Amino acid sequence: MSDVPLVLGIETSCDETGVGIVAGTALLANEIASSVEEHARFGGVVPEVASRAHLEALVPTVERACATAGVGLADVDAIAVTAGPGLVGALLVGDAGAKALAVALGKPLYGVNHLAAHVAVDVLEHGPLPEPTLALLVSGGHSSLLLVRDVTGDVEPLGRTIDDAAGEAFDKVARLLGLGFPGGPYVDRAARDGDPDSIAFPRGLTGPVDLREHRYDFSFSGLKTAVARWVEQRERDGEAVPVADVAAAFQEAVVDVLVRKALLACAEHGVDSLLIGGGVAANSRLRVVAEQRCAGAGVRLRVPRPGLCTDNGAMVAALGSEMVRRGRTPSALDHPTDSALPVTEVLLP
Ligand code: KG4
Ligand code: ZN
């Protein structure tokens, strides 16, 4: 293996077929084929549709990534693949493809955790991760606060959502406002013309009792219901729904709680580095509020650029590259996939 390992990463846990290639921490290719349009009319990802789309897209996406990076498959030093969590059928397609490549090329294979990959991706943009780092991971399937002492093997979950994920809340609110799918980017855009203080929506799990029992946990289902009730009332009164104001006020409630709890965890664990990852980290308001409050709290903030926040193959390659750098033992060729893989299991044996 060369000094700087060339790692190919495959991501198929949801609806994006992602293939990334990195050399050490340098990003060479990040190709994505998305089946999002096939799911849009259902208002959510249809697992079987996603699996079939991965099957069709995987080989062409690998080929595109190699062409973009200007490398041949024979040049690759290691393969990394998302082994979980995610949709079981979707995971199986990428994992089987990665195993086939590893066997055919005679190269080590790393079956890794999708959530840790959302954290590791930032090394491609901002260099080595400070240790420890507090990671706020917010996507369509997950909302967690993680204490990351070593992204290749020591990740401690501090809190998580007890109902909807943050991205899921964005998607559901977008739907009830008649916006598109996935909802996050639509709400983000609509909110730009709205007043975040126009409606006081609830901040879940921030009262004194909740802070005792669910200090670092999140809840967005009450907020979603509050938005639905508010909109229904307007409609019953025969008044137009101010979409921009509702979007802005809803977004403000989500962002406020996310940043508040992340900074609380930083303060209480003596951590001065916060990383935000996952699809919702692409949210423009979250980025602004996090920047302002981190500056006020003396916490360094790292957020990957939006294209690296949503699901992609580069994040898996980045985590694979860290595995190689730290000399971690590769996964067995018959390692399983796990749709509910806990974040504490960063690398499958
Ligand atoms: O990380 P990701 O691509 O896939 C999962 O692992 O779930 O996250 C997708 C989620 C969706 O719920 C989408 O609505 C949300 O990220 N999202 C956003 C934005 N862009 C994507 N949410 C808020 N604001 C955005 N700009
Ligand atoms: Zn994700």
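The values are calculated or read from the model by the stated rules, or taken from the named source; none is laboratory data. The model shown is predicted, which means the values in this text are computed figures rather than measured ones. We place every Cβ from the backbone using ideal geometry, glycine too, and count neighbours over all the protein chains shown.
Which residues, counting only those in region 23-42, are without any contact (Cβ under 8 Å) to a residue 40 or more places away in the chain, touching a helix residue (DSSP H, G or I) at 6+ places or on another chain (Cβ under 7 Å) and within 15 Å of ligand 1 (Cβ to nearest atom)? 33, 35 - these are the residues of region 23-42 that are without any contact (Cβ under 8 Å) to a residue 40 or more places away in the chain, touching a helix residue (DSSP H, G or I) at 6+ places or on another chain (Cβ under 7 Å) and within 15 Å of ligand 1 (Cβ to nearest atom).
Of the residues making up region 333-349, those that are surrounded by fewer than 20 Cβ atoms within 10 Å (Cβ to Cβ) and either away from ligand 1 (no atom under 16 Å from the Cβ) or within 18 Å of residue 22 (Cα to Cα) (or both) are 333, 334, 335, 336, 344, 345, 349. Going through region 1-22 one residue at a time, which ones are crowded, with 19+ Cβ neighbours inside 10 Å and either over 14 Å from residue 73 (Cα atoms) or free of Cβ contacts under 8 Å to residues at least 24 places away in the same chain (or both)? Hits for region 1-22 are 11, 12, 13, 14, 15, 16, 17, 18. Filtering region 267-299 to residues that are closer than 19 Å to residue 132 by Cβ and over 20 Å from the mean Cα position of the chain (by Cα) leaves 267, 268, 269, 270, 271, 272, 294, 297, 298, 299. Only one of the numbered conditions (1) more than 10 Å from ligand 1 (Cβ to nearest atom); (2) out of contact with any helix residue (DSSP H, G or I) (no Cβ under 7 Å at 6 or more places or on another chain) is violated by residue 202, and that is (2). Sort out for me the strands (runs of 3 or more DSSP E) sitting completely within region 67-167 that have 3 or more residues that are within 16 Å of ligand 1 (Cβ to nearest atom) and either buried (at least 21 other Cβ atoms within 10 Å of the Cβ) or within 18 Å of the chain's Cα centre (by Cα) (or both). In region 67-167, the matching strands (runs of 3 or more DSSP E) lie at 78-84, 133-138, 143-150. Filtered by the rule that a residue be acidic (Asp, Glu) and either over 13 Å from residue 45 (Cβ atoms) or not in a strand (DSSP E or B) (or both), region 9-26 gives 11, 15. Flag set for residue 194, criterion: closer than 15 Å to residue 285 by Cβ and either buried (at least 19 other Cβ atoms within 10 Å of the Cβ) or charged (D, E, K, R) (or both).
Conditions (1) buried (at least 19 other Cβ atoms within 10 Å of the Cβ); (2) of a type in the set (A, V, I, L, M, F, W, C); (3) modelled with pLDDT under 95, marked per residue:
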residue	(1), (2), (3)
217	yes, no, no
238	no, no, no
244	no, yes, no
249	yes, yes, no
252	yes, no, no
260	no, no, no
266	yes, yes, no
270	no, no, no
274	yes, yes, no
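For region 283-332, the set of residues classified as touching a residue at least 40 places away in the same chain (Cβ under 8 Å), surrounded by fewer than 16 Cβ atoms within 10 Å (Cβ to Cβ) and within 16 Å of ligand 2 (Cβ to nearest atom) consists of 305, 307, listed by residue number. Suppose we filter region 32-64 for residues that are within 27 Å of residue 175 (Cβ to Cβ) and part of a helix (DSSP H, G or I); how many remain? Count: 14. For region 168-188, the set of residues classified as out of contact with any Pro (no Cβ under 8 Å at 6 or more places or on another chain) and within 7 Å of ligand 1 (Cβ to nearest atom) consists of 168, 182, 183, 184, 185, 187, 188, listed by residue number. When restricted to residues that are buried (at least 19 other Cβ atoms within 10 Å of the Cβ) and out of contact with any strand residue (DSSP E or B) (no Cβ under 8 Å at 6 or more places or on another chain), region 25-50 contains 3. Going by the structure shown, is residue 188 surrounded by 14 or more Cβ atoms within 10 Å (Cβ to Cβ), under 18 Å from residue 263 (Cβ atoms), more than 16 Å from ligand 2 (Cβ to nearest atom) and of a type in the set (Asp, Glu)? When the stated conditions are applied, residue 188 does not pass them.
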